[in-house]
Protein chains: 2
Amino acid sequence: MSGPAVHPVEAPPMTEAALLRVRMKDVQGMAGTTGGLSLRLCQFAFAAVSLCVMATTSDFPSVTAFRYLVAAVSLQCLWSLSLALADTYALLVKRSFRNAGFVGLFAVGDGVTSTLTFAAACASAGITVLIGNDLDKCNLNHCTRFMSATAMAFLSWFAVSPSFLLNFWSLASRDSGH
Amino acid sequence: MSGPAVHPVEAPPMTEAALLRVRMKDVQGMAGTTGGLSLRLCQFAFAAVSLCVMATTSDFPSVTAFRYLVAAVSLQCLWSLSLALADTYALLVKRSFRNAGFVGLFAVGDGVTSTLTFAAACASAGITVLIGNDLDKCNLNHCTRFMSATAMAFLSWFAVSPSFLLNFWSLASRDSGH
């Protein structure tokens, strides 16, 4: 036996920094992981399909909620696409955007865009159900298109929610380490 | 000077348990604080007003979204009232519901009820705007009542969001301490 047996050295105390490092393990779905990238691509794809379906319907501008849906899913498209690009970059250079500033920005952005998309989807769903079930005027309107656009917006919101919750969670567990 | 000066005692190392205790300080708005109780009472009051205004409108059952609003704000009323009672109890006996099980239950319940209330409010808002602005048929409908009920549902959602975010935050920062 060498050194340590002669001059016993205590195990270094578990420092706050070490604790933090243990906590910040890669959870799939966070920014900078392949799971996160695929979530972003799903969000983008659903929002883009919703946008195309709604925007190519001839009479959408006559209903405020449908105009708002187009605006909200456009914003969602832009946000998800830019974060997908950021994730791709992070994966390529094998670094992650895991400082509190970026995670906070992502959490706030996800919170805002997902709330807007969800609000737009709910408003459109309310009107589609009103036209289809309550007034029974689907023969005069593009019910199927409205329904598809609404469903796609809901799916896009479903894909944003995990991103938001994970970012918020990682922000909270980071902050508690200070 | 007594004991400590003669036999100097090292300060005990900051243990994980001590770190946890420091983190779990009372943030106003969490379950078991006066802030939390007042948030719950706001949620309950807004949801109850929304329920009364919508349920006393004669033609609400003809629109699916309005029926859904009545159901969602009823659920919100029940949830907020029961948590207000729990908070009152916690304040009276000077204990708090701060174990992971309760906080998790509160976070999930707040998340579900706030999503339902928000969805109902958005759907009603879409239809109210459709009737009022796009079709211009407010003379035939109770636009003002629909609008008030919708606005109250939104306010109730605004009051639930901080509860949800605080519970989720405290759940995340607790969990990272394990």
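Take A:Thr144, move 7 Å from Cα toward the beta carbon, and the resulting point lies 4.4 nm from the same point in each other copy, nearest first. For segment B:28-175, the Stokes-Einstein estimate of translational diffusion at 10 °C and a viscosity of 1.306 mPa s comes to 101 µm²/s, using the Kirkwood hydrodynamic radius over alpha-carbon pairs.
Here A:Ala55 yields copy-to-copy label distances, from shortest upward, of 4.4 nm, the label point defined as 7 Å from Cα along Cα to C-beta.
For B:Phe158 and B:Asn139, compute 0.36 nm times the residue count separating them, minus their Cα-Cα distance, and round to one decimal in nm.
Details: separation 19, 0.36 × 19 = 6.84 nm, distance 3.03 nm.
Going from the current span to full extension adds 3.8 nm.
Across the identical copies, the 7 Å label point of A:Ser82, projected outward along Cα→Cβ, sits 4.2 nm from its counterparts, in ascending order. If amide H atoms are built 1.01 Å from N in the plane of the peptide, which residues on other chains or at least 5 residues away come under 5 Å of the amide H of B:Met30? Placed amide hydrogens put B:Gly36 under 5 Å from B:Met30. Short to long, the 5 Å bins of the Cα pair-distance histogram for segment B:126-178 hold 4, 18, 16, 12, 10, 9, 8, 7, 7, 5, 3, 1, 0 percent of all pairs. 3J(HN,Hα) along segment B:85-95, derived from phi through the Karplus expression 6.51 cos²θ - 1.76 cosθ + 1.60 where θ = phi - 60°, amounts to 5, 4, 5, 4, 4, 4, 5, 5, 8, 6, 10 Hz, with x in place of Gly and Pro.
Listed from fewest to most Cβ neighbours within 10 Å, the set B:Thr150, B:Thr57, B:Thr34 follows the order B:Thr34, B:Thr57, B:Thr150.
Rule-based calculations on the coordinates, nothing more; no lab input. Computed from a predicted structure; not experimentally measured. Reconstructed Cβ throughout: ideal geometry from the backbone, glycine too, with neighbour counts over all protein chains shown.
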